[in-house]
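Asker: Here it is: the structure, laid out below.
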Amino acid sequence: MQPKIMLVDDREDNLLSMESVLEPDGYRFVKASSGRQVLKLLLTDFDFALILMDVQMPNLNGFETASLIYERDRLRHIPIIFITANNYGEENLFRGYRAGAVDYIYKPVNPELLRAKVSVFVELYRKNQRLIAQEQKLVAINKSLEVEISERIASELKVTELNRQLLENIARLETANKDLDLFAFMASHDLQAPLRKIRMFSDRLLAGGEGTLGGGGEARLYLSRIQEVSRRMQELINDILRFSKISAEKQSFEQVDMNGVIRDALSEMEATIREKNAEVTVDPLPVLPANTVLMGPLFSNLISNSLKYTKKHEIPRIRIRYEEGPAVSGINGKESEMRYGRIYIEDNGIGFDQKYAEQIFDMFRRLHSSAEYEGTGIGLALCKKIVQMHRGFISALGRPGEGAVFIVSLPLQVIKNETPVSEPTGLQMKNES
């Protein structure tokens, strides 16, 4: 919008004259014929670039009107140029400047001089308006920044509180886990004594012959069942004890030759391998940072699992191989610290439905009854716990009747206080030959 100028003179012809001189410059005009009318107009409208005011007016002259205008703070920014036909001398000039005038124009008015002086003050007005707009913009930005900072501080405080609660929950959970492991260990340990007595007395009864057993063959059958149930109970207790001991194992890592670990595991199961006439192929394996104590139970359980779930009329074949997996992004995005080595245990056994691929690692989870295949349902849960203690992954692929593949992914470097976002992908089931 064009700047607005107030023209003040008690004579209409003078107002028309000033308007005609300034009109070509595109200004907007508000005209007043007295000091009182000026004050009345300024009650509601104070956005003026300049006031051109005659000094000699009835009732309120220009000096008095200017003094009253500048008594209001919101009007002090408006410059006033007095237009006069008289040279009042220095004293009166000083009086005008003291009243708030910024300049004088003498009558008869020189049009060029009038336009020049008005243009100067209009340009100052425009610059001042731009500064005001810029200031308002900066104030709005500053207010927005204050709100953003306040929200960020509130968010940080909220995150700090959530972290504190999380740490407390983790501490409580760790305490509960330790208590649970201790309870499992103590309960399993205490159960062994009465179980040993049951097995010992049933052995004595069976060894005593027919004279000891009043029920004859039927009594011997019941005792055999008692012994079988006791043996399974003993295996379950031993597995629970082993699981609780794994939880208490210190996470000390060293460079472990996986070839030696597999060799020891196969040596322990040599009798079973011969009995089943199984063929076991082991490709060269790497040296990985791991807990030596835990690697033995891990691969012993996996190999034992492959030897257990075999087909009746087919030679069991087990292959153990290695490949380096792709980098996996961590929480802070440092892929170079998140490379994993994968050890595959592949077999041509009975396999399983892929929908159970996660459930088989749950505690006491079994896909077959104990009458078909012996076991306690703890072995794979034990494997999962060991791998998780190494900040790794364990997964399985299978198809009914086509065998299974267990993949152990262990970090190539020790990872501290950081876990990957997701499990390594790109695994596919391979048909056994």
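The values are calculated or read from the model by the stated rules, or taken from the named source; none is laboratory data. It should be emphasised that the depicted structure is a prediction, and the values quoted were computed from it without experimental measurement. Counting neighbours? That spans all protein chains shown, and the Cβs are built from the backbone with ideal geometry, glycine included. SASA here: full protein model, heavy atoms, side chains in, ligands and nucleic acids out. Shrake-Rupley method; radii C 1.70, N 1.55, O 1.52, S 1.80 Å.
Asker: Return the pairs, sorted by first residue and then second, in which the second residue is assigned to a loop (DSSP other than H, G, I, E, B), the first residue lies in the stretch 98-109 and is open to solvent by less than 30 Å² (accessible area, probe 1.4 Å), the beta carbons are less than 7 Å apart, and the residues are 6+ apart or on different chains.
Answerer: 100/70
Asker: Further question on the same structure: Pick out, from the stretch 1-84, the helices (runs of 4 or more DSSP H) lying fully within it that include 3 or more residues that are over 15 Å from residue 101 (Cα atoms).
Answerer: Details: elements: 12-22, 35-41, 62-69.
Of the helices (runs of 4 or more DSSP H) lying wholly inside the stretch 1-84, those with at least 3 residues that are over 15 Å from residue 101 (Cα atoms) span 12-22, 35-41.
Asker: Of all residues in the stretch 286-306, how many are surrounded by 19 or more Cβ atoms within 10 Å (Cβ to Cβ) and either under 18 Å from residue 405 (Cβ atoms) or over 36 Å from the mean Cα position of the chain (by Cα) (or both)?
Answerer: 8
Asker: So, one more: Over 23 Å from residue 297 (Cβ atoms), of a type in the set (D, E, K, R) and either in contact with a Pro (Cβ under 7 Å, 6 or more places away or on another chain) or modelled with pLDDT of 85 or more (or both): which single residue out of 432, 323, 372, 346 fits that description?
Answerer: Values: 432 fails: either in contact with a Pro (Cβ under 7 Å, 6 or more places away or on another chain) or modelled with pLDDT of 85 or more (or both); 372 fails: either in contact with a Pro (Cβ under 7 Å, 6 or more places away or on another chain) or modelled with pLDDT of 85 or more (or both); 346 fails: over 23 Å from residue 297 (Cβ atoms).
Result: 323 is the single residue among 432, 323, 372, 346 that is over 23 Å from residue 297 (Cβ atoms), of a type in the set (D, E, K, R) and either in contact with a Pro (Cβ under 7 Å, 6 or more places away or on another chain) or modelled with pLDDT of 85 or more (or both).
Asker: Filter the stretch 33-48 for residues that are in contact with a Lys or Arg (Cβ under 6 Å, 6 or more places away or on another chain) and buried (at least 20 other Cβ atoms within 10 Å of the Cβ) and give the result. Steps first, please.
Answerer: Looking only at the stretch 33-48, we keep the residues that are in contact with a Lys or Arg (Cβ under 6 Å, 6 or more places away or on another chain), and these are 46, 48.
Of everything in the stretch 33-48, just one residue is in contact with a Lys or Arg (Cβ under 6 Å, 6 or more places away or on another chain) and buried (at least 20 other Cβ atoms within 10 Å of the Cβ), namely 48.
Asker: Could you list, ordered by first residue, the pairs with Cβ atoms under 9 Å in which the first is in the stretch 382-394 and touching a residue at least 24 places away in the same chain (Cβ under 8 Å) and the second is of a type in the set (Asp, Glu) and open to solvent by 60 Å² or more (accessible area, probe 1.4 Å), at least 6 apart or interchain?
Answerer: 393/423
Asker: If we keep just the residues of the stretch 271-320 that are small (Gly, Ala, Ser) and part of a helix (DSSP H, G or I), which is modelled with the lowest pLDDT?
Answerer: Per the stated criteria, the residue is 296.
Asker: Sticking with this structure for a sec: Out of all the residues in the stretch 232-248, is one or more in a helix (DSSP H, G or I), within 30 Å of residue 346 (Cβ to Cβ), at pLDDT 75 or above and among the β-branched types (Val, Ile, Thr)?
Answerer: Of the residues in the stretch 232-248, the ones in a helix (DSSP H, G or I) are 232-248.
Checking which are within 30 Å of residue 346 (Cβ to Cβ) leaves us with 232, 235-236, 238-240, 242-243, 245-247.
Now drop any that are not at pLDDT 75 or above, which leaves none.
No: zero hits.
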